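The values are calculated or read from the model by the stated rules, or taken from the named source; none is laboratory data. Bear in mind the structure is a predicted one, so any value in this text is a computation, not a measurement. All Cβ positions, even for glycine, are placed from backbone atoms using ideal geometry, and neighbour counts span all protein chains on display. Just so you know, the surface numbers come from the protein's heavy atoms only, side chains and all, with ligands and any DNA or RNA stripped out. Shrake-Rupley method; radii C 1.70, N 1.55, O 1.52, S 1.80 Å.
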Amino acid sequence: MMNQIAALKREAGDAILLTRMGDFYEILGDDAVKAAPALEIALTTRGKGTDAEAPMCGVPHFALDQYLPKLLAAGFSAAIAEPTARPEEVKGLLPRAIRRIITPGTWLDDDARWLCALHRSGVGWGLALLQLASGQVRAIPGEGEALLLATLERLQPQELILAEGAESPLPEVPLTRLPPWRFETARARQQILAFFGWQHLEGVGLDPYPALVGALGALLDQVEATQKGRPAHIQGVSVELGATGPLLDATSARHLEILANSLDGGKAGSLLQVLDLCRTRMGSRLLRAWLEQPLRQREALERRWSQVAWLAEDRRREPLQKILAGIPDLERLLGRVALGLATPPELGQLREGLAQAARLPAQLDSLSGFIEAEDAGLWPEGTPLCEGLREELRRCLAEAPPLDLEKGGAIRDGVDPDLDAVRGLVRDARQVMLALEEEERAASGIGSLKIKFNRVFGYYFEITRANLAAAPAHFVRKQTLANAERFTTEKLMAFEQRLLSAEGDQLRLEERQFGRLQEAVLQARADLTGLARAVATLDLLAAFAERARHSGWTRPQLGEERDLLLAGARHPMLEARLGRECVPNDLRLDAGVPMAVVTGPNMGGKSTFLRTAALLVVLAQVGSFVPADLMRFGLVDRIFTRIGASDFLSKGQSTFMVEMTETARILNQVGSASLVILDEIGRGTSTRDGLALAEAIALHLRDLKGGAPRTLFATHFFELTRLADDPRIRNLHVEVQEWEDQLLFLHRIQEGPADRSYGIQVARLAGLPGGVIAKAQRLLAEMRENPIEPPGRPRPHQAPLPLFEAEPDPLRRELEALDPDAMTPLEALAWLAEKRREGRP
């Protein structure tokens, strides 16, 4: 056995090897030492005191899916080894083989996981991505390192496949290294053609992108290696051209908390959570995809809004959602069948799900206005309902199939005459065995005598030690225990052979029928995929309609090209938390006045107002209604945001460097149809530098070739309010009320500039000591009386320069020799610490 495991471990490589031994998956050797802490289970020893002694841990086979995420979270992959024969078919050690290798990017039960292969060729690159749960394959070509990083940051793959020696653009993402020849274009082309059974790549659109061909070939190689074959539910490739950027890049999506909150990266508090009222996992998965790729076509948007409007009526939507709630994840079930992982209950789920899905067209037909629904495309004409597959599952699969196929009873009676005959033998043999048990109990007078079974000794009579004297003479001892003896008889051995043979035949015939059902599922995979897409779309549109109905959201309107008119707009996540307490606000930007400078105190609501405008554009272009009394806007091609402050010390980037880097990205990519949200630009450096940069950035946007983009510019630099001297820019401020040094934040946006920032009052609200507040007030008064002079201008009381030059200062010379721009913050701190150790002040 240890030799067998050693051979399997060589095949598994760095992956943790889990070998099925009876009812457990065992982990041995160094793998056990690594895995036990990650799995939070005890580390024991197998073969203690023998030459084969080894560390060991294990998990129950039925709980494997609960433990695998812990291994993946700890950065490990897992190789799953299973027996390839049944005990009755072989003598001695069961043969075993690795059935699949689960890596961070191929965990089937996590919808958000993507396995990604990257290949570079000159300035060009190609990304190939697989979501194993759904079988979706995406192929994205592009050029330039900046676009590559932005694309990877947006896609957030869980595992990256690279050629050996290639530099990883995402150091924190788990890596799989493959030999460079696996990425070679000619070889990769043949792999793609063989995997999909195609004759050429012209119709797919891959030919012009050799780097993309290399990445896709390597990805498919790795899928075959880890899944031990070609998963049948992976049917094609979606080539995504024009990777110049979606509506939202990863930075803007993070700032606006589209998919995750900024506190802990979880779903709670995100726009995704607010919208996800889906009844199916397929709908929730589609919602994430729509949020990642909002629409930019007028016709498609108007169509989605019309669909949401039709479903907004409770009498139409609610009966459909009741049906949708009974439909399982068809895509995931298809994936499990394709990978050979489906259980009998999962095929039962598929059967029930298909029956539920078949009710949807009839339910739509029963509603008044079905013609409108059909015209709106709520249930596309020709959507397959998989009637043949549904009927075959109903005919063959038991009403309540067992979790484990080996337990028998997964296939209905009457499906296979041979199976029915074998089942009759099993039932007869068991009856004979029960009669034998009663016969021996009566003859021996041992009331507790029973026939029992285990996998090692088979069937046996068990007699407690207290009754051993009454054991019949024809009983043959089989095993001795501490408190009992186990026996067999000639009759029992004969019936055992008959029963075990019949049970083996039954399992073999049930496996054959179950395999035939799985093959039927795979034959219908194209229809299943089409049905799943229709169900997910209807589910998501119904979720949008439910949110609009219950929260009072309204249908957006498309206006002039550079309009953004909001009346009574509310922040969607804030409204979900506060309800009616969420304060609505208005905004008007257009071609004549495309920019607004927003001033006011901290905590007044500037950032919330800015985010609200951007979030409503995202909602509208996803196809949802919006939390506003009125929204009329021209389509936005990109949303750019620069919000918040953060240090990236590990990357050698300070708050100001991050701020300027993100702003540079915006200025280099923005166009006249964009929406730009800038919050507190310039605060990470000196006041004068920050003010100069902020004004220059605002003027750059104002004078952009082709027209200024719609821009909201929040700032504490009150000097920027003079930008409104230009008729293309307006001033806005957040309203506050002051009473006896106390502030009341009204969170309302009004025309005109703020008169001051109320920083000291906000500090008092934050709990600063009274002495600090009083000192700050005195200093502020002094500063107003004696403004700080610009640097370089001599003050009246400035001492005269010395007549003779001071002695050279070695520390000054060292400082002048430094290049601060080339130093990271950690390097600067290390230099300072060294000078302190040398005893310098």
**Net charge over other residues, Cβ less than 11 angstrom from the Cβ of Asp563 (K, R count +1; D, E count -1)** = +1
**Item:** Pair Ser501, Glu89: separation of 7 Å Cα→Cβ label points (nm)
**Value:** 1.9 nm
**Request:** Residues in the stretch 718-751, backbone N under 17 Å from the label point at Ala776 (7 Å along the Cα-to-beta-carbon vector): list them, ranges by number please.
**Result:** 738-745
**Reach of Lys835 by Cα under 29 Å, taken over lysines that are not fewer than 8 positions away in the same chain** = Lys651
**Item:** Solvent exposure, largest accessible area first (probe 1.4 Å, DNA, RNA and ligands not counted), of Asp314, Asp527, Asp221
**Value:** Asp527, Asp314, Asp221
**Prompt:** So, in nm, how far is label Ala473 from label Leu64 when the simple model puts each one 7 Å beyond its Cα toward the Cβ?
**Reply:** 5.2 nm
**Prompt:** How large is ³J(HN,Hα), in whole Hz, for each residue of the stretch 411-427 in order, when computed from phi with the Karplus curve 6.51 cos²θ - 1.76 cosθ + 1.60 and θ = phi - 60°, using x for Gly and Pro?
**Reply:** 9, 5, 5, x, 7, 10, x, 5, 5, 4, 5, 5, 4, x, 4, 4, 5
**Message:** With an 8 Å Cα cut-off and a minimum separation of 6 or more residues, compute the relative contact order for the stretch 535-666 in percent.
**Reply:** 34 percent
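Please give me, ordered by residue number, the GluC sites (Glu not before Pro) of the stretch 158-263 that lie in loop per DSSP and have at most 14 other Cβ atoms within 10 Å.
Filter output for the stretch 158-263: Glu164, Glu167, Glu172, Glu202.
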**Request:** Pull up all non-local amide H partners of Arg99: gap of 5 or more, or a different chain, and H-to-H distance under 5 Å with H placed in the peptide plane.
**Result:** Ile80, Ala81, Glu82
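Length gain on complete extension for the stretch Glu145 to Glu391, per 0.36 nm per residue less the alpha carbon to alpha carbon distance? Walk me through the numbers before you get to the answer.
Details: separation 246, 0.36 × 246 = 88.56 nm, distance 5.28 nm.
Contour length minus Cα-Cα distance gives 83.3 nm.
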**Prompt:** Restricting attention to the stretch 1-108, which GluC sites (Glu not before Pro) occupy a DSSP loop and are surrounded by at most 13 other Cβ atoms within 10 Å?
**Reply:** Glu40, Glu53
**Prompt:** In debye, nearest 20: dipole of the stretch 444-526 around its Cα centre with unit charges on the Cβ of K, R (+) and D, E (-)?
**Reply:** 140 debye
**Fill in**
Among beta bridges assigned by DSSP with both residues in the chain, the antiparallel ones amount in percent, to the nearest 5, to 65 percent
**Theoretical gain in end-to-end length, Arg836 to Arg813 [0.36 nm per residue, Cα-Cα removed]** = 6.6 nm
**Prompt:** Accessible surface of Met783 in the full protein assembly, 1.4 angstrom probe, to the nearest 10 Å²?
**Reply:** 100 Å²
**Fill in**
Computed about the Cα centre, the charge dipole of the stretch 524-650 from +1 Lys/Arg and -1 Asp/Glu charges at the Cβ has a magnitude in debye, to the nearest 20, of 180 debye
**Message:** So, R0 is 45 Å and r is the distance between the beta-carbons of Ala435 and Thr50; what FRET efficiency does that work out to, to 0.05?
**Reply:** 0.50
**Solvent exposure ordering (accessible area, 1.4 Å, most first) of His733, His233** = His733, His233
**Item:** FRET efficiency, Leu425 to Glu490 (Cβ-Cβ, R0 22 Å, nearest 0.05)
**Value:** 0.65
**Request:** Could you check the simple spin-label distance between Trp739 and Asp14, using points 7 Å along Cα→Cβ, in nm with one decimal?
**Result:** 6.5 nm
**Message:** Using a Förster radius of 41 Å, what is the FRET efficiency between Ser672 and Asp365 based on their Cβ-Cβ separation? Nearest 0.05, please.
**Reply:** 0.30
**Message:** Going 7 Å from the Cα of Arg516 along its beta-carbon direction, which residues of the stretch 413-430 have the amide nitrogen within less than 12 Å of the resulting point?
**Reply:** 414-420
**Request:** Could you name the lysines whose alpha carbon sits less than 23 Å from that of Lys267, not counting residues in the same chain fewer than 8 places away?
**Result:** Lys70
**Asked** Mean residue ellipticity at 222 nm from the helices of the chain, using -39,500 (n - 2.57) per DSSP H segment of n ≥ 4 over the full residue count, to the nearest 500 deg cm²/dmol?
**Response** -13500 deg cm²/dmol
**Asked** In nm, what is the difference between 0.36 nm times the number of residues separating Glu153 and Gln293 and their Cα-Cα distance?
**Response** 49.0 nm
**Message:** Net charge around Arg638, counting only other residues with Cβ within less than 10 Å of its Cβ (Lys, Arg = +1; Asp, Glu = -1)?
**Reply:** -1
**Message:** Can you compute the charge dipole magnitude of the chain about its Cα centre, using +1 on each Lys and Arg Cβ and -1 on each Asp and Glu Cβ, nothing else charged? Give it in debye, rounded to the nearest 20.
**Reply:** 920 debye
**Complete:** Of the listed links Lys34/Lys228; Lys450/Lys478; Lys9/Lys407; Lys91/Lys450, those spanning more than 20 angstrom between alpha carbons are Lys34/Lys228; Lys9/Lys407; Lys91/Lys450
**Asked** Using Cα pairs under 8 angstrom and six or more residues apart, how large is the relative contact order of the stretch 712-775, in percent?
**Response** 25 percent
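Using the Cβ atoms and a cut-off under 14 Å, what net charge is assigned to the surroundings of Val622, where Lys and Arg are +1 and Asp and Glu are -1?
Numbers: positive: Arg288, Arg296, Arg303, Arg304, Arg547, Arg555; negative: Asp276, Glu292, Glu302.
That works out to +3.
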**Thr554 long-range amide H proximity, modeled H, under 5 Å** = Val626, Ala628
